[in-house]
1. Only residues that are open to solvent by 10 Å² or more (accessible area, probe 1.4 Å) and closer than 25 Å to Pro528 by Cβ: list them for segment 344-360, please.
2. Taking the options Phe452, Phe474, name whichever one is of a type in the set (Phe, Trp, Tyr) and touching a Leu at 6+ places or on another chain (Cβ under 6 Å).
3. Quickly run through segment 135-146 and pick out the residues that are open to solvent by less than 10 Å² (accessible area, probe 1.4 Å) and assigned to a helix (DSSP H, G or I).
4. Tell me, yes or no, whether segment 422-440 has at least one residue that is among the acidic types (Asp, Glu) and more than 20 Å from Gly163 (Cβ to Cβ).
5. List every residue pair whose Cβ atoms lie under 6 Å apart, where the two residues are 6 or more positions apart in sequence or sit on different chains, the first residue falls within segment 337-352 and is under 18 Å from Asp537 (Cβ atoms), and the second residue, located anywhere, is at pLDDT 95 or above and surrounded by fewer than 16 Cβ atoms within 10 Å (Cβ to Cβ).
6. Consider Pro100 carefully, then state whether it is surrounded by fewer than 24 Cβ atoms within 10 Å (Cβ to Cβ), near the ligand (Cβ under 10 Å from one of its atoms) and assigned to a loop (DSSP other than H, G, I, E, B).
7. Taking segment 203-239 on its own, how many of its residues are loosely packed, with under 15 Cβ neighbours inside 10 Å, without any contact (Cβ under 8 Å) to a residue 60 or more places away in the chain and within 30 Å of the chain's Cα centre (by Cα)?
8. Within segment 37-72, how many residues turn out to be within 16 Å of the ligand (Cβ to nearest atom) and either open to solvent by less than 10 Å² (accessible area, probe 1.4 Å) or not in a helix (DSSP H, G or I) (or both)?
Amino acid sequence: MSSELDQLCINTLRFLSVDMVQNANSGHPGLPLGAAPMAYVLWMRRLNYNPHNPLWFNRDRFVLSAGHGSALLYSLLHLSGYDLSLDDIRRFRQWGSKAPGHPERGHTPGVETTTGPLGQGFGNAVGMAIAEAQLAARYNRSGHALIDHHTYALVSDGDLMEGVASEAASLAGHLKLGKLTCLYDDNSVTLAAGTDITFSEQRARRFEAYGWHTVSVADGNDLAAIDAALAAARAETARPSLILVRTHIGYGSPEQDSFKAHGSPLGVDDVRKTKQTLGWPTEPDFLIPGAALAHFRAAVARGAQAEAAWNESLSAYTRAFPDMAEEFQHRLRDELPPGWDADIPVFGADVKGLSTRDASGIVMNAIAPRLPPLSGGSADLDPSTKTALKGLGDFNPPPTKDADEQGSDGGGWSYAGRNLHFGVREHGMGAIVNGLAAHGGFIPYGATFLIFSDYMRPSIRLAALMGLHVVHVFTHDSLAVGEDGPTHQPVEQLANLRAIPNLIVIRPGDANETAVAWRVAVETRDHPVMLVLTRQDLPTLDRSRYAAADGLRRGAYVLIDAPGGKPDLILIASGSEVGLIVAAAERLQQQGIAVRCVSMPSWELFEALPQAERDAVLPPSVGARLAVEMGVAQGWDRYIGTRGDMLVVETFGASAPGAVVLDKYGFTVDNVCMKAEALLANFSASEDNR
Ligand SMILES: Cc1ncc(C[n+]2csc(CCOP(=O)(O)OP(=O)(O)O)c2C)c(N)n1
């Protein structure tokens, strides 16, 4: 079954990768040498893609979860005709090259997702398969299989060891994602050792226990066996497939089967020896035999044909189902449907008010019916995070469960369900929503308590790095959680999230700010958005007395101003502390103090404003500034300046009723007023404030 041409092509992949790494004097030659045959069979015989349109919507998705094997992916992309030049490949890992150290989405055409942190790509692939299944269930009609593609991932020992992949695999098995196939580069070697010292479980049996279909390929160079395994995976529609392919890291090199072949260039001598062993000319470097190139490049015509055929199906679909087609087109183009926000409510002023998590739930349910891309769920916390989309279905495999099954959000159990039930798997959820966003056609969201954002930080960071449009709803955002105590009371999490570049963190101060926060979350492109919300009720501010909640769009805005816009003192707060500074400001004003109250729900939105607009909110001339937030001080110095003060939390919290904890930690109107007065007194004693 393996022709000379096949061998030539596989060795082309191998040595393009090896030369890339050697030339850069940096990178990982071991994986490409061992895994080239399986990658070749998949890309040349099974994978459906169009090199000249990497974003063709119905393409199969390919994720190199073992991102350190990037040289193999770049070889595949270049040879099959993507816009990745040999020059880029020659400049692998160099400044400005389209072939960076690890695959980066948005940087290299054909790279579906950024990988490198092991396990994440696996989770992304599960998200992509969920995306495909939901889109197919919503749009496909008898005789019109508009959405019909597969998700493939190449995964390594490290991927399978990481917890995030275990979470995602467990859910994928439960969800019976039959169009997901993982090729496991089972080479028994990791970065620092053989797997015999760390990883001795029966992988096939483990995945079978998750509900996966498994196939073993005893020899990673046996193309027929690999192809048969891929065919078996394709035929298995009710379970995801894991193909365990026994390979040899650094195949053909003097360091074959050693961890030394994993992550360092082979060295000039060993490159030569490896080429000799595998019958490859030692000169020139970056050799691409014409016959191999022609064979790979046939992918271009195949891909163009596949896309053209799909475009015809789309036309037929559009004629038959114009309304659904229009809806689909919006998703294809990443456009918001007109009128998506028509039902967002305005919340009336209310002293008792409601929690921002409740306000968020109301807003989500108001927008979801008009916004089909919005789909997501929580890590087993719907009743607390208020993120269920009522009546819009529960994503679960057929056969459908009873409609009244515990935990149902209503609307039926099927792949059309827009409520994703992640189970208690925060990290898996983070990676999976990234996969949905990377797939396209979705505004995916996840939800949990703010404290547990820690469990999914690596995925959040990658969402930010990729500029993925995902939304996370993090509730129970402060000490006010109360009785559950310090394990559940976030203290440093806001600072932690704010530290991530390209991420937008929004902590709205009342129900109407929450509504605007959701508008921002939906309208934003190229950034993940984190909504940080309260469990406890907050007063809904009377916007006829205070500035409009739309000010949230600017990150910080003047809610209450001093007479003539000339404050002696500025109080700044986010989220639940806004109500506190409003109450304090009113009391201070009665005492004749010229105070300005600034609601500051988002540092990142504020930082995006021109300096002059920021200065208009926080005039440099006013040094008496008091920031109030139930989180660590870190970062607030930027806004209070050298002479301001803060009321923050620099220790862990404590278990007691929320009101008691807030009182003990000084989050009371009395204490805010006292600190403000002390600050002002300091100023009048020493110098002019303005
Ligand atoms: C989360 C994470 N931890 C650690 C690393 C560093 N690292 C890169 S590859 C690797 C292990 C390599 O073993 P394997 O996954 O089997 O790949 P192979 O050696 O077969 O290429 C490690 C620990 C990483 N990339 N991601």
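The values are calculated or read from the model by the stated rules, or taken from the named source; none is laboratory data. The model shown is predicted, which means the values in this text are computed figures rather than measured ones. Quick reminder, even Gly has a Cβ in these numbers, built from the backbone with ideal geometry, and neighbours come from all protein chains shown. Heads up: the accessible areas ignore ligands, DNA and RNA and are worked out on the full protein's heavy atoms, side chains in. Shrake-Rupley method; radii C 1.70, N 1.55, O 1.52, S 1.80 Å.
1. Ile344, Arg357, Asp358
2. Values: Phe452 fails: touching a Leu at 6+ places or on another chain (Cβ under 6 Å).
Within the list Phe452, Phe474, the selection yields Phe474.
3. Leu135, Tyr139
4. Residues of segment 422-440 among the acidic types (Asp, Glu): 426.
Next, only the ones that are more than 20 Å from Gly163 (Cβ to Cβ) stay: none.
Looking for residues that are among the acidic types (Asp, Glu) and more than 20 Å from Gly163 (Cβ to Cβ), one finds none in segment 422-440, hence no.
5. Sorted first by the residue in segment 337-352, then by its partner, the pairs are Ala349/Asp542.
6. It is false that Pro100 is surrounded by fewer than 24 Cβ atoms within 10 Å (Cβ to Cβ), near the ligand (Cβ under 10 Å from one of its atoms) and assigned to a loop (DSSP other than H, G, I, E, B).
7. Result for segment 203-239: 3.
8. Of the residues in that region, 12 qualify.
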